[in-house]
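Asks: Got a structure for you, written out below as structure tokens; questions coming shortly.
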Amino acid sequence: MASEKNADLRTKSQKVLAKSEQQARNEHTLNYDESKAFAIDCSTLTPIYRGEPCLKCSFCGSSYSEEHKGKTCVTCTLSTVGVQTLGLVTGA
Ligand SMILES: [Zn+2]
């Protein structure tokens, strides 16, 4: 990385970094609270914080908020979100 070829890029990125650290503004509000544990809603990609209702796909374990109950899981496209199943049952 220290080659002459990258010298230009390195100078440029150091300038960008220096300027952004100098200004240190958070222009975009993030939907994120680092002090709380959370799962990611696999459909909307938003956090579901601990204590909030959280549904799981019975097949792959993907998390969803309650509004996605009854929809097909977007991760595995095999299971319905929020439906508890027994799994494979044999007639023995
Ligand atoms: Zn799934």
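Bear in mind that the values in this text are calculations on the coordinates, not laboratory data. Just so it is clear, the structure is predicted and the values come from calculations on it, not from any experiment. FYI the Cβ positions are ideal-geometry reconstructions off the backbone, even for glycines, and counts take in every protein chain you see.
Asks: Would you calculate the volume per residue, in Å³, of the smallest convex hull containing every Cα atom of the chain?
Replies: Per residue, the Cα convex hull of the chain comes to 212 Å³.
Asks: Sorted by mean Cβ packing within 10 Å, highest first, what order do the peptides 69-81, 34-46 take?
Replies: Per-residue Cβ counts within 10 Å, averaged per peptide and sorted highest first, yield 69-81, 34-46.
Asks: Which Cys residues of the chain have no other Cys Cβ less than 4.7 Å away and so no disulfide-compatible partner by this rule?
Replies: Lone cysteines by the Cβ rule: C42, C54.
Asks: Between beta-carbons, use under 14 Å as the cut-off and find the net charge around S79, counting Lys and Arg +1, Asp and Glu -1.
Replies: +3
Asks: Between Q23, S58, T44, whose Cα lies farthest towards the positive end of the dipole of the chain when Lys and Arg beta carbons carry +1 and Asp and Glu beta carbons carry -1, centred on the Cα centre?
Replies: In the chain, that residue is Q23.
Asks: Ok, one more. K19: which aspartates and glutamates have alpha carbons under 19 Å from its alpha carbon, excluding same-chain residues fewer than 8 sequence positions away?
Replies: Output for K19: D8, E27.
Asks: Relative to the longest principal Cα axis of the chain, at what angle does helix 7-23 sit, 0 to 90 degrees, rounded to 10?
Replies: That works out to roughly 70 degrees.
Asks: Let me ask you something else. How are the alpha carbon pair distances in the range 34-81 distributed across 10 Å bins from zero to the largest one, expressed in percent?
Replies: Over the range 34-81, the share of Cα pairs per 10 Å bin runs 32, 54, 13, 1 percent.
Asks: Identify all lysines with a Cα-Cα distance to K69 below 16 Å; exclude those on the same chain that are fewer than 8 residues away in sequence.
Replies: K56
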